[in-house]
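Trainee: First the structure, then my questions, so here it is.
The values are calculated or read from the model by the stated rules, or taken from the named source; none is laboratory data. This structure is a prediction, so every number in the text was calculated from the model and none was measured. Positions of Cβ are backbone-derived with ideal geometry, glycine not excepted, and every protein chain shown enters the neighbour counts. In case anyone asks, the SASA skips ligands and DNA or RNA and just uses the protein heavy atoms, side chains included. Shrake-Rupley method; radii C 1.70, N 1.55, O 1.52, S 1.80 Å.
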Amino acid sequence: MRLETTGDSARLTVAAPVVTRDARAGDSIAVNGCCLTVAELHDGAFTADLMAETLTRTNLGAVAPGERVNLERALRVGDRLGGHVVQGHVDATVDVVDRQHGEHWDLVRFSLPHGLARYVAVKGSVAVDGVSLTVVDVAEAATRTGDGPASAGPTFSVGLIPETLRRTTLGTRAAGDRVNLEVDVMSKYVERLLGAAPGEGEAPAC
């Protein structure tokens with residue numbers, strides 16, 4: 001992992017021999033849930049350009065050399081869709097509020113910006129650092145059971161099964177860590193079709 005920053009942009013290089021095995025320049029690869037375009041391929045690594053919007057909206061501007069990230073190739077037409085639709089368009093970065101370890105799974109709670117809270121529902125879908133997850137609960141006020149930082153606003157929690165703990169960076173995320181959040185895009189389309197503008201609360205009756 002290498003990040004080279006120049007003014008309001010950056011170039012990110014990620015060593016990923018498995019992911020780049022059949023990749024080509026111009027392909028899309030999601031890094032921590034952020035869809036990036038492959039600019040260069042070399043020796044099992046790929047390089048992508050990050051513009052100011054990406055650096056502002058995601059945690060990629062703070063990645064350290066050697067840090068592990070979640071990678072995912074774009075879905076092929078005709079492939080089986082095993083989770084919810086994830087675009088790779090990060091809505092915001094949020095913090096890990098606390099983490100409870102279970103015998104076989106972990107319950108992790110995250111902060112939730114007020115502007116995105118209406119898109120997150122119990123048993124609904126979110127993507128955290130690119131990992132498709134089911135929401136366990138949503139709390140309107142701060143909820144904390146561990147030693148993490150208090151959240152001033154809403155929070156939500158997800159359960160992480162052993163497979164997720166092993167195969168993604170969410171297995172090592174701790175209280176205070178910042179992650180990328182993408183809410184379910186379908187809820188945004190529904191809101192817009194019903195005529196509600198962001199921040200207006202409930203849509204008017206049709």
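Trainee: Would you compute, from DSSP H runs of 4+ residues alone, the mean residue ellipticity of the chain at 222 nm, taking -39500 (n - 2.57) per run and dividing by the full residue count, rounded to the nearest 500?
Mentor: My calculation for the chain gives -3000 deg cm²/dmol from helical runs alone.
Trainee: Next up: Give the shape of segment 51-132 as rounded, prolate or oblate, defined through the alpha-carbon gyration tensor: a ≥ b ≥ c are the square roots of its eigenvalues, a/c under 1.5 means rounded, and otherwise the shape is prolate if a/b is larger than b/c and oblate if not. Let's see the in-between values first.
Mentor: Values: a/c = 1.25, a/b = 1.05, b/c = 1.19.
It is rounded, given that a/c, with a ≥ b ≥ c, falls under 1.5.
Trainee: Given charges of +1 on the Cβ of Lys and Arg and -1 on the Cβ of Asp and Glu, with all other atoms neutral, how large is the dipole of the chain about its Cα centre, in debye to the nearest 20?
Mentor: The calculation lands at about 340 debye.
Trainee: Right, here's the next one. Counting other Cβ atoms within 10 Å of each Cβ, which GluC sites (Glu not before Pro) in segment 11-120 have at most 13 and sit in a DSSP loop? Don't jump to the answer; show the numbers that get you there.
Mentor: Details: sites: GLU40, GLU53, GLU67, GLU72, GLU103; in loops: GLU67, GLU103.
Those that pass, being in a loop and sparsely packed, are GLU67, GLU103.
Trainee: Let me ask another. Packing-wise, with mean Cβ within 10 Å as the measure, how do 120-128, 42-50 rank, highest first?
Mentor: 120-128, 42-50
Trainee: Starting from the coordinates of the alpha-carbon atoms of the chain, obtain the Kirkwood hydrodynamic radius over all distinct pairs and give the value in Å to one decimal.
Mentor: 18.1
Trainee: Moving on to the next point. I'd like the carbon and sulfur percentage of the solvent accessible area for the chain, probe radius 1.4 Å, heavy atoms only, ligands and nucleic acids excluded.
Mentor: Values: 6020 of 11650 Å².
Summing carbon and sulfur atoms, their accessible area is 52 percent of the total for the chain.
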